[in-house]
Amino acid sequence: MKKLLMLPFLLLVLTAGYSQVKTRSYVVDPELAPRAHNVDFTHLRLNIAFDPAKGLVKGKVMLTFTTLRQNTDSIWLDGIKMTIKKLTINGKEVNYKTDSAGITVYPSGNLGWETNDSMEITYVCTPRKGLYFIGWDDPKNISRKEIWSQGEAFDNRNWIPMYDDWDDKMLTETIITFDKDYQVLSNGTRVSVKDNGDGTKTWHYRMSHPQSPYLIMIGIGKYGIDERKSKSGVPLHLYYYPEWKDRVEATYKYSAEMIDFYEKEIGVKYGWESYSQIPVQNFMYGAMENTTATVYGDFFMVDNRSFLDRNYIGVNAHELAHQWFGDMITCRSDASMWMHENFATYYSALFDKEIFGKDYFDFERRGFENQAVAANKKDQYPIASSLGGTVRNYPQGAFVLNMLKYVVGGREVYNKAIKYYLEKHKYENVDAHDLLISFEESTGMSLDWFWEEWYLKSGEPDYHVSYYEKDGVTHFSVIQAQELSEIAGLSASPDGSRPAGLFKMPIWFEVHYTDGTADKKQVWIEKQNEEVNIPNPSGKKIDFALFDPDNQVLKTVTFHKPFEMLKAQAMKAENLLDRLDAVEAMRTIDLDTKRAALIEIYNRETFQAVKAAVVAQLINDANTQSRNLIKSAIVDKDVLVRKATLSNITLIPSDLIPDYEKLLSDSSYSVILNALMLLSKSNPAKLPQYLAITKGVTGTVGRDVEIEWLELSAESTNDNQYINKLVEYTSNSYEFRTRVNAMQALKRLDYFDTTLLANIINAVPSANDRLAGPAAETLQYYYGEDRWKSTIADFVNAGKWDNWQSAAIKKVVN
């Protein structure tokens, strides 16, 4: 990960309508432009086989290319630590030079300008990234045996020599030879499967439209395939582990419907020949949107019970959206990568809205906003930057897209612009300017200001709002209280009347009256101090007032309201977020004042977030009415309300223990886990009974319930069988989440032996940071203890390690 210094610089932009020169602040971004390259690769044909026990790739790749420059005397290929057996251009062997990063190829004489040529490379490599051999080193033969790739951002260069960057698009085909008892998946249409008569088959896949190199994938394992088809005719190939066939329905719920929804919502047909999904073990992310073939972590393959805690719907929808945003249209450089993730996150939320309703969608938006505000407190990077980070690439960008829809006038206008953008740039590379131009050309609107304050600059407005009534008018006062900055908000106005750092947004104001009527007004707020007046000539009594109802604008806001107004808003506001804001604003009000209102709100409310917010405020209240509400929440039909009764309490009052004990048999594994942990702490005398109730429950991710059960059993007895099982779960026979959970449990138990040490050290050099990181932290803890330090040092010194293993281990043990 690169850590780069943020510096503002000024870019002069001539703006229509002004004779002055307008200045705009940016953040220096070294990844703004793509790399220089002198040829355009148009086709890649990969013929590949493996020795999985050795992690060895044996490949032959043919690259077709067009020269871009008049004098092309060398060509650079990315290829990490590869051994080249043979390299030809147009059938003739040529000179080349390799280093740890790639291959410099020297054609025999200059290639012609804009000519079509081909290069063929025969090679072998043992990649540490990009291609992963899972389970082939498991001495107990418990682990699944798989091979799968993960190319984003630039890791496919570890197993394919090629120009590996965002801004190249080429037709690809893959020819893969492997054990005939396995299934093999790659991008595009499966052209053929040939039985070679020697225990292997050869699978041939071909793409009909170009893709970027990072999207090339392979997935190999033992699978069944569930075949479906969308209403529009797109074939779906949904892979699953044969012994998990009962999980197919829950995991792949709505998969075909998603394609139909996106085609209707986006207005552009799915752009590829088919769509496949394949679960893999030890995947380090959630999923990856390879063109036509999504790879996802098998921890998302859940049954109906696990579905309550963690389901694949959101991730499924996110990765499918990338087939339009990221795969069909791809960023030109790192600085534009947000254009993939913003859209995929937003359209996934839109699908959630279609399935689960507007309240669900709005609560997702609130989560996006909260994450954005937190990120903007840490640094001042914009969305449109390679430095923006995960929050800006995903949730903040998704919120801004919804805000863009609001600003341009709603769904129809927004969808028109998106359709125009996709059709104009289909199978091409784009950057932020292309999206802006598409919106302006298709709507006729001038949106440069929106791009400046929300994409090219950072932060959000901090509104301080108040109101008062006088002479039949409701007067709103709005102050933009954020620190003014050149790298946030809009630039200063040419005439100097508006300082830099203010935001310009259209905002609705609403006044709701006790008779059920309301007045509303939309005003562009762009000055530091503004007053908005809403006439009330009939002198109606105000029930509650709203600033930016339904939370359309990314912001922080301070708007103090009396308790009676908050109560009315919580019970009567149409939109979930307005009701939720009212309940959250009651946190500072004393219990005796708000108790009855909160109970009434809980009983009227239909959405879990508001009910959970009420639970959080009444959970520690000993009043009988509050206790009865908590008892009701413990058995609420919504699992998220039940979870709120556990997450908001640290010790269960004795009179509620019988109610909480019911949760040990809950339908949700997460509820069982948290109930077991809380009850064992609150009522340790009954721990044996709690363990008896939960015995045999595995859990959802990383055997979480079982690991906790083993830890509590080991802690409360002298039986080594529980310790031994935890140690076993730290080995490479098991997927990484189980290993990490077991390591952390043993660390809490303060247990150490050499078998555990060997398992931890095995994990430290892993290419999966989500395993290697926790393993290194665990090793560091044990190595920091004098009682174990020499044992660990001796073990490491006696071991025979490859250089890459030794480098990782000796970062901790030195």
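A few remarks follow.
- Pairs, first under 23 Å from Pro499 (Cα atoms) and in a loop (DSSP other than H, G, I, E, B) in the stretch 456-482, second among the acidic types (Asp, Glu) and open to solvent by less than 40 Å² (accessible area, probe 1.4 Å), C-beta under 6 Å, six or more apart: Ala481/Asp462; Gln482/Asp462
- Of all residues in the stretch 622-630, one or more are in contact with a Lys or Arg (Cβ under 7 Å, 6 or more places away or on another chain), over 25 Å from Arg310 (Cα atoms), in a helix (DSSP H, G or I) and open to solvent by 80 Å² or more (accessible area, probe 1.4 Å).
- Evaluating Asn718 against the criteria (1) outside any helix (DSSP H, G or I); (2) under 26 Å from the mean Cα position of the chain (by Cα); (3) among the polar types (S, T, N, Q) leaves one unmet condition, (2).
- Screening the stretch 635-651 for residues that are part of a helix (DSSP H, G or I) and of a type in the set (Ser, Thr, Tyr) and picking the one that is most open to solvent (accessible area, probe 1.4 Å) gives Ser647.
- Any hit, the stretch 359-370, residues being out of contact with any helix residue (DSSP H, G or I) (no Cβ under 7 Å at 6 or more places or on another chain) and closer than 18 Å to Trp166 by Cα: no
- Of Phe351, Phe325, Phe356, all but one fail to be without any contact (Cβ under 8 Å) to a residue 12 or more places away in the chain, among the hydrophobic types (A, V, I, L, M, F, W, C) and either over 24 Å from Val28 (Cα atoms) or open to solvent by 10 Å² or more (accessible area, probe 1.4 Å) (or both); the exception is Phe356.
- Among the numbered conditions (1) outside any helix (DSSP H, G or I); (2) open to solvent by less than 20 Å² (accessible area, probe 1.4 Å); (3) of a type in the set (Val, Ile, Thr), the only one that Val615 does not meet is (1).
- Boolean, Asn156 is polar (S, T, N, Q) and either free of Cβ contacts under 8 Å to residues at least 12 places away in the same chain or more than 23 Å from Ile218 (Cβ to Cβ) (or both): no
- Members of the stretch 1-59 that are at pLDDT 80 or above and among the aromatic types (Phe, Trp, Tyr): Phe41, Phe50
- Residues that are out of contact with any His (no Cβ under 8 Å at 6 or more places or on another chain), within 24 Å of Thr517 (Cα to Cα), open to solvent by 40 Å² or more (accessible area, probe 1.4 Å) and among the basic types (Lys, Arg), drawn from the stretch 562-597: Lys567
- For the stretch 150-175, residues that are outside any loop (DSSP other than H, G, I, E, B) and modelled with pLDDT under 95 total 0.
- A count restricted to the stretch 510-527 and to residues that are under 20 Å from Thr556 (Cα atoms), surrounded by 15 or more Cβ atoms within 10 Å (Cβ to Cβ) and not charged (D, E, K, R) stands at 2.
- Pair list, Cβ < 7 Å and 6+ apart or interchain, from the stretch 582-611 residues that are free of Cβ contacts under 8 Å to residues at least 40 places away in the same chain to residues that are of a type in the set (S, T, N, Q) and open to solvent by less than 10 Å² (accessible area, probe 1.4 Å): Ala582/Gln569; Arg595/Ser626
- Failed item, numbered, when Lys377 is tested on (1) within 26 Å of Glu257 (Cα to Cα); (2) without any contact (Cβ under 8 Å) to a residue 12 or more places away in the chain; (3) out of contact with any Lys or Arg (no Cβ under 8 Å at 6 or more places or on another chain): (1)
- If you go through the stretch 127-149 and keep only what is over 25 Å from Met337 (Cα atoms) and either in contact with a His (Cβ under 6 Å, 6 or more places away or on another chain) or part of a strand (DSSP E or B) (or both), you end up with Phe133, Ile134, Glu146, Ile147.
- Within the stretch 364-412, the set of residues being farther than 20 Å from Glu265 by Cβ and among the aromatic types (Phe, Trp, Tyr) comprises just one member, Tyr381.
- Restricting attention to the stretch 228-247, the residues that are in a strand (DSSP E or B) and surrounded by 17 or more Cβ atoms within 10 Å (Cβ to Cβ) add up to 5.
- Selected residue (criterion: surrounded by the fewest Cβ atoms within 10 Å (Cβ to Cβ)) from residues of the stretch 721-739 that are over 24 Å from Asp794 (Cα atoms) and within 27 Å of the chain's Cα centre (by Cα): Arg737
- Residue count for the stretch 454-468, restricted to those that are acidic (Asp, Glu) and either in contact with a helix residue (DSSP H, G or I) (Cβ under 8 Å, 6 or more places away or on another chain) or loosely packed, with under 15 Cβ neighbours inside 10 Å (or both): 1.
- Screening Val391, Val400, Val373 for residues that are among the aliphatic types (A, V, I, L, M), open to solvent by 30 Å² or more (accessible area, probe 1.4 Å) and at pLDDT 95 or above leaves exactly one candidate, Val391.
- Pairs with Cβ under 6 Å, 6+ apart, first in the stretch 418-440 and in contact (Cβ under 8 Å) with a residue 24 or more places away in the chain, second crowded, with 16+ Cβ neighbours inside 10 Å and assigned to a strand (DSSP E or B): His425/Ile329; Asn429/Thr330; Val430/Ile329
- Subset of the stretch 470-482 that is of a type in the set (A, V, I, L, M, F, W, C) and open to solvent by 40 Å² or more (accessible area, probe 1.4 Å) - its residue that is farthest from Glu531 (Cα to Cα): Ala481
- Comparison of Gly188, Gly151 shows that the only residue that is open to solvent by less than 10 Å² (accessible area, probe 1.4 Å) and at positive phi is Gly188.
- Residue match in the stretch 652-667 (condition: in contact with an Asp or Glu (Cβ under 6 Å, 6 or more places away or on another chain), open to solvent by 20 Å² or more (accessible area, probe 1.4 Å) and modelled with pLDDT of 95 or more): no
- Filter pass, Tyr381 being more than 22 Å from Gly444 (Cβ to Cβ) and assigned to a loop (DSSP other than H, G, I, E, B): yes
- For beta carbons closer than 6 Å, sequence separation of 6+ or different chains, a first residue in the stretch 724-740 that is touching a residue at least 60 places away in the same chain (Cβ under 8 Å) and more than 8 Å from Gly702 (Cα to Cα) and a second that is in a helix (DSSP H, G or I) and open to solvent by 30 Å² or more (accessible area, probe 1.4 Å), the qualifying pairs are Asn732/Asn762.
- Matching residues, the stretch 483-509, being crowded, with 16+ Cβ neighbours inside 10 Å and outside any loop (DSSP other than H, G, I, E, B): Ala488, Met505, Ile507, Trp508, Phe509
The values are calculated or read from the model by the stated rules, or taken from the named source; none is laboratory data. As the structure is a prediction and not an experimental result, all values here were calculated from the model. Counting neighbours? That spans all protein chains shown, and the Cβs are built from the backbone with ideal geometry, glycine included. We work out accessible area using only protein heavy atoms, side chains counted, and drop any ligands, DNA or RNA first. Shrake-Rupley method; radii C 1.70, N 1.55, O 1.52, S 1.80 Å.
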